[in-house]
Amino acid sequence: MATTWKFTAKEIVEKPDLFTSGHRACAGCGPAIALRQIMKATRGPTIVTNATGCMEVVSTIYPYTAWKVPWIHTAFENAAANASGIAAALKAMKRKGRLQEDIDIIAFAGDGGTFDIGIQALSGAAERGHDFLYVLYDNEAYMNTGIQRSGGTPHGASTTTSPAGKVIPGKRQYKKAIADIMVAHEIPYVATASIAYWQDVLMKTRKGLEVEGPAFLHVLAPCPRGWRYDTSKTIEIAQLAVETCIFPLWESTDGQCSLSPQSKIVALKPERKRPVKEYLETQRRFRHLLTPEFESEIDNIQKMTDKRWNKLLRRCNLVSL
């Protein structure tokens, strides 16, 4: 699975956008940045299927569209099933001689449509081995329908369905390890990415497109509206998530796990690992954790972050810190 295309800044600037400006996403929208980056990594004819969610709503308000590729809106729960059907149809057309060129398929869905509502269809598509790239743009709540908590919402975050009060410190459960779940399906390629590192996003997108079979890309995409921060801070917060190891960058190729350069630096130089409190302080969805009543929750989040980070280091054959 050798990726030969070098993603230089000049090439990226010169390549036409396939997810264009003019959509109606919020200022500083992380998912919109993610989609633009990912579509820059396409290698040829591409079909996109998009689950109901923020990116579907803002990009295709009739009669307008921000897409310059064939695009299908599908229901909240079945982006992966839709991608499976497209892959099966293209395979049949090739077998019958009605199609000669290779066509890539990308399924986009948010955390609600992946961690929760869409996981059954995603698991089935992975088990059947359909050839497509599934992209989870993760803004950590059901942002399109009112900022309700999802399986991707982190512990301690205040949402409209996990509000912080005098007793409850926001969401009680920890974020579901969705990428680990996909690795357990033994598919060819699984990776995490952050919009703060565009070259990493592009390279992992291309790898996911090049493998034969299903590939899964989990992209952290901050949301100013739901996370409660200034719209100018999106990239800064996406980077801080990596530097605190709340969202480390790694990839699994045929079951072999390796850290991406940005997270490997932290593994080799642990003094660069920043405390999670620095990340939490940037977002008002966590502001209640900075009060005396809930300050112990920051320690709990740090412990869970360290636990998952050390588990990842062992999987990547690196010494636990």
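The values are calculated or read from the model by the stated rules, or taken from the named source; none is laboratory data. Not measured: the values here are computed from a predicted model. Note that we place each Cβ from the backbone using ideal geometry, even for glycine, and neighbour counts take in every protein chain shown.
Would you please list the contacts, defined by Cβ atoms under 6 Å and residues six or more apart or on different chains, that run from a residue in the stretch 295-314 that is within 16 Å of ILE265 (Cα to Cα) to a residue that is of a type in the set (D, E, K, R) and surrounded by 16 or more Cβ atoms within 10 Å (Cβ to Cβ)?
Matching pairs, first to second residue: none at all.
Would you please name the residue that is nearest to ALA215 (Cα to Cα), looking only at residues in the stretch 143-177 that are touching a strand residue (DSSP E or B) at 6+ places or on another chain (Cβ under 7 Å) and surrounded by fewer than 22 Cβ atoms within 10 Å (Cβ to Cβ)? Talk me through it step by step, then tell me what you get.
Keep residues of the stretch 143-177 that are touching a strand residue (DSSP E or B) at 6+ places or on another chain (Cβ under 7 Å), which gives 148, 150, 152, 159-161.
Filter once more, so that each one left must be surrounded by fewer than 22 Cβ atoms within 10 Å (Cβ to Cβ): 148, 159-161.
Values: GLN148: 28, THR159: 31, THR160: 33, THR161: 32 Å.
Looking at the filtered set, the residue picked out is GLN148.
In the stretch 112-129, how many are within 24 Å of THR46 (Cα to Cα) and buried (at least 22 other Cβ atoms within 10 Å of the Cβ)?
Taking the stretch 112-129 as the starting set, the residues that turn out to be within 24 Å of THR46 (Cα to Cα) are 113-114, 118-119, 121-129.
Going one step further and asking which of them are buried (at least 22 other Cβ atoms within 10 Å of the Cβ), we end up with 113-114, 118, 121-122, 125-126.
Residues in the stretch 112-129 being within 24 Å of THR46 (Cα to Cα) and buried (at least 22 other Cβ atoms within 10 Å of the Cβ): 7 in total.
Check THR192, THR231, THR244 and return the single one that is hydroxyl-bearing (Ser, Thr, Tyr) and crowded, with 24+ Cβ neighbours inside 10 Å. Reasoning before the result, please.
Numbers: THR231 fails: crowded, with 24+ Cβ neighbours inside 10 Å; THR244 fails: crowded, with 24+ Cβ neighbours inside 10 Å.
Just one listed residue meets the conditions, THR192.
Given GLU140, GLU210, which one is surrounded by fewer than 24 Cβ atoms within 10 Å (Cβ to Cβ), touching a Lys or Arg at 6+ places or on another chain (Cβ under 8 Å) and either modelled with pLDDT of 95 or more or among the polar types (S, T, N, Q) (or both)? I'd like the intermediate steps shown before the answer.
Numbers: GLU140 fails: surrounded by fewer than 24 Cβ atoms within 10 Å (Cβ to Cβ).
Every option except GLU210 fails the conditions.
For PRO31, which of the numbered conditions (1) under 26 Å from THR8 (Cβ atoms); (2) in contact with a His (Cβ under 9 Å, 6 or more places away or on another chain) fails to hold?
(2)
Among residues belonging to the stretch 271-321 that are assigned to a helix (DSSP H, G or I) and either more than 30 Å from SER232 (Cα to Cα) or small (Gly, Ala, Ser) (or both), point out the one that is nearest to the chain's Cα centre (by Cα). First the steps, then the outcome.
Narrowing the stretch 271-321 to residues assigned to a helix (DSSP H, G or I): 271-272, 276-280, 284-290, 295-315.
Of the ones still in play, those that are also either more than 30 Å from SER232 (Cα to Cα) or small (Gly, Ala, Ser) (or both) are 296, 307, 310-315.
Working: SER296: 29, LYS307: 21, ASN310: 21, LYS311: 20, LEU312: 18, LEU313: 20, ARG314: 23, ARG315: 20 Å.
The selected residue is LEU312.
Scan the stretch 249-288 for residues that are touching a strand residue (DSSP E or B) at 6+ places or on another chain (Cβ under 7 Å) and within 23 Å of CYS29 (Cα to Cα) and jot them down.
Looking only at the stretch 249-288, we keep the residues that are touching a strand residue (DSSP E or B) at 6+ places or on another chain (Cβ under 7 Å), and these are 249-253, 257-260, 263, 267.
If the condition is that a residue be touching a strand residue (DSSP E or B) at 6+ places or on another chain (Cβ under 7 Å) and within 23 Å of CYS29 (Cα to Cα), then LEU249 is the only one that fits.
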